[in-house]
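Heads up, the thing below is written out as structure tokens.
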Amino acid sequence: MKVADELIDQGSLAHASFGLEAVPIPPSAAAAAGTPQGLFVRSVTPGGPAAAAGIQRGEVITKIGGADATNGLQLENLTLTNKPGDTVAITYLRGGKETEATITLGSAS
């Protein structure tokens, strides 16, 4: 009903967006590279939510909302269950050091 109500009220459907593309790092690849398992950030949308939070291409997301980052579906599920403007805590690896950031989800129509 939420989707139908939004379509009726606004004429379109907007969903949340992280503004990044990430792919899972297989356990064997992580072990061989000496990095933790997680999601490799393949690209970041310039000016998007992830960029605004300081996330950069090439970093490894290790936690999403406090849970271990194990597959890209975690990000996708959060874009479906949250709305633009909601925040999500992310932990990522930069230069061998874990860093935390909060991403304020943007809107993707």
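Out of region 12-26, which residues are surrounded by 10 or more Cβ atoms within 10 Å (Cβ to Cβ) and not in a strand (DSSP E or B)? Before you say what the answer is, go through the steps one by one.
Narrowing region 12-26 to residues surrounded by 10 or more Cβ atoms within 10 Å (Cβ to Cβ): 13-26.
Hits for region 12-26 are 13, 14, 18, 19, 25, 26.
Please specify each residue of region 66-82 satisfying the condition of being within 15 Å of residue 92 (Cα to Cα) and touching a Leu at 6+ places or on another chain (Cβ under 7 Å). Don't jump to the end; show me each part of the working.
Looking only at region 66-82, we keep the residues that are within 15 Å of residue 92 (Cα to Cα), and these are 66-72, 74-75.
If the condition is that a residue be within 15 Å of residue 92 (Cα to Cα) and touching a Leu at 6+ places or on another chain (Cβ under 7 Å), then 69, 72 are the ones that fit.
Considering (1) loosely packed, with under 15 Cβ neighbours inside 10 Å; (2) of a type outside the set (Ser, Thr, Tyr); (3) assigned to a strand (DSSP E or B), say which one residue 57 fails and leave the rest.
Tallying (1) loosely packed, with under 15 Cβ neighbours inside 10 Å; (2) of a type outside the set (Ser, Thr, Tyr); (3) assigned to a strand (DSSP E or B), residue 57 fails exactly one: (3).
Quick one: how many residues across region 73-92 are buried (at least 16 other Cβ atoms within 10 Å of the Cβ) and either under 17 Å from residue 36 (Cβ atoms) or hydrophobic (A, V, I, L, M, F, W, C) (or both)?
7
Mind listing whichever residues of region 73-109 are among the small types (Gly, Ala, Ser), within 21 Å of residue 23 (Cβ to Cβ) and not in a strand (DSSP E or B)?
95, 96
With the condition kept exactly as written, say whether any residue in region 27-41 is free of Cβ contacts under 8 Å to residues at least 60 places away in the same chain, within 20 Å of residue 16 (Cα to Cα) and surrounded by fewer than 18 Cβ atoms within 10 Å (Cβ to Cβ). Can you show your working first?
Of region 27-41, the ones free of Cβ contacts under 8 Å to residues at least 60 places away in the same chain are 27-41.
Filter again for within 20 Å of residue 16 (Cα to Cα), leaving 39, 41.
Next, only the ones that are surrounded by fewer than 18 Cβ atoms within 10 Å (Cβ to Cβ) stay: none.
So far as region 27-41 goes, no, none of its residues is free of Cβ contacts under 8 Å to residues at least 60 places away in the same chain, within 20 Å of residue 16 (Cα to Cα) and surrounded by fewer than 18 Cβ atoms within 10 Å (Cβ to Cβ).
So, of the residues in region 69-109 that are under 13 Å from residue 40 (Cα atoms) and not β-branched (Val, Ile, Thr), which turns out to be modelled with the lowest pLDDT?
Ranking the qualifying residues of region 69-109, first place goes to 72.
The values are calculated or read from the model by the stated rules, or taken from the named source; none is laboratory data. Source: prediction; values computed, not measured. Counting neighbours? That spans all protein chains shown, and the Cβs are built from the backbone with ideal geometry, glycine included.
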